[in-house]
Amino acid sequence: MSLRIVVTVKYVPDATGDRHFADDLTVDRDDVDGLLSELDEYAVEQALQISENSDDDVEVTVLTVGPEDAKDALRKALSMGADKAIHVEDDDLHGTDAIGTSLVLAKAIEKAGFDLVVSGMASTDGTAGIVPALLAERLGVPQVTLLSEVSVEDGTVKGRRDGDAASEQLEASLPAVVSVTDQSGEARYPSFKGIMAAKKKPVQSWDLSDLDIEAEEVGLEGAWTAVEDATPRPVRTAGTIVKDEGEGGKQLAEFLAGQKFI
Ligand SMILES: Cc1cc2nc3c(=O)[nH]c(=O)nc-3n(C[C@H](O)[C@H](O)[C@H](O)COP(=O)(O)OP(=O)(O)OC[C@H]3O[C@@H](n4cnc5c(N)ncnc54)[C@H](O)[C@@H]3O)c2cc1C
């Protein structure tokens, strides 16, 4: 038996960089470096563990919808151990929202073929956390989201979802979509061997026409949501420095009381 796993991985602007909105209120991606969303590293890790723990023939494909530079995110996932990658890139994707992104991902997943889709719990930039559920709906398969533990056995995906009050054991028959949390297990670092091997792994590129998607269905035109306004956060002011010249403790207490901390 074989198992085809597709992991959705997003290329996101580096949160430590100085991020800006462009004039059309989309994120100015040219202005900041990007990287594989940290939360998607957990998804790659879980897919690799399913593969390593399986007696079946497992193929792990990583998929991204993003600009040219998004290939960096694919290379990282390949160097962690994924087998192959798919990059969907098209100028008409500029401004696509979560609904449009889920359409593109679902069409690409269908074209690639899948038994299991593994996603992160949310991207580290958009953080909507809805793409996995949208994917399950579009693909017409069950979804088991926010898993802290995941495994596949006899055509069934099983997992544990930890809530505030209880932990649930969940399962769904394949094909299915799951999302995993940052509690699912530390993601591995790519080894030197993995980095070298990744250079030779196949990366397939598709555009909208390969997926039979019209430009009007995606981009700013096809978006169901719109950013109406964006205001940069005020620059942080320097904090209050208390010099202890005998009255430091008192001044500190007065400051905390003034801020209603005590
Ligand atoms: C060139 C370009 C321009 C864009 N411009 C805008 C814009 O102006 N406004 C806007 O709202 N959105 C835009 N998007 C889409 C946006 O970046 C998100 O992909 C989309 O809105 C999903 O929302 P989220 O990141 O909050 O997903 P979440 O629901 O938080 O993501 C959950 C999981 O879904 C998967 N996932 C999400 N996005 C992707 C992806 N792109 N590729 C692979 N896996 C993914 C990951 O596994 C992730 O962990 C643009 C995308 C591209 C490629």
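A quick yes/no check of all residues on (1) surrounded by fewer than 20 Cβ atoms within 10 Å (Cβ to Cβ); (2) over 16 Å from Met80 (Cβ atoms); (3) away from the ligand (no atom under 13 Å from the Cβ):
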position: Val12; (1), (2), (3): no, yes, no
position: Phe21; (1), (2), (3): yes, yes, no
position: Val27; (1), (2), (3): yes, yes, no
position: Ser51; (1), (2), (3): yes, no, yes
position: Ser54; (1), (2), (3): yes, yes, yes
position: Val62; (1), (2), (3): no, no, no
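Looking at (1) closer than 19 Å to Ile86 by Cβ; (2) small (Gly, Ala, Ser); (3) over 20 Å from the mean Cα position of the chain (by Cα), which is the one condition that is false for Ser205?
The one condition Ser205 does not meet is (3).
Go through the stretch 218-262 and give me each residue that's within 16 Å of the ligand (Cβ to nearest atom) and not in a loop (DSSP other than H, G, I, E, B).
Residues of the stretch 218-262 within 16 Å of the ligand (Cβ to nearest atom): 218-230.
Listed by number, the residues that qualify are Gly219, Leu220, Glu221, Gly222.
For the stretch 113-123, which residues satisfy the criterion of being over 14 Å from Ala47 (Cβ atoms) and either in a helix (DSSP H, G or I) or within 8 Å of the ligand (Cβ to nearest atom) (or both)? Don't jump to the end; show me each part of the working.
First, pick out the residues of the stretch 113-123 that are over 14 Å from Ala47 (Cβ atoms): 113, 121-123.
Selection gives Met121, Ala122, Ser123.
Kindly evaluate Thr127 against the criterion of being at pLDDT below 95 and not in a helix (DSSP H, G or I).
It is true that Thr127 is at pLDDT below 95 and not in a helix (DSSP H, G or I).
Picking from Gly100, Gly95, which residue would you name as being under 17 Å from Ile213 (Cα atoms), assigned to a loop (DSSP other than H, G, I, E, B) and either near the ligand (Cβ under 10 Å from one of its atoms) or without any contact (Cβ under 8 Å) to a residue 40 or more places away in the chain (or both)? Before the answer, list the steps.
Values: Gly100 fails: assigned to a loop (DSSP other than H, G, I, E, B).
On inspection, the qualifying residue turns out to be Gly95.
Go through (1) over 25 Å from Ser209 (Cβ atoms); (2) in a strand (DSSP E or B); (3) within 14 Å of the ligand (Cβ to nearest atom) and name the single condition Leu3 misses.
Here Leu3 meets the rest and fails (3).
May I ask you to list the residues in the stretch 157-183 that are assigned to a loop (DSSP other than H, G, I, E, B) and within 18 Å of Leu116 (Cβ to Cβ)?
As a first pass, look at the stretch 157-183 and keep what is assigned to a loop (DSSP other than H, G, I, E, B): 163-166, 174-175, 181-183.
Within the stretch 157-183, Leu174, Pro175, Thr181 qualify.
The values are calculated or read from the model by the stated rules, or taken from the named source; none is laboratory data. A quick note: this is a predicted structure, and the numbers were derived from the prediction, not measured. Methodologically, a virtual Cβ is constructed for each residue, glycine included, from the backbone with ideal geometry; neighbour enumeration extends over all protein chains shown.
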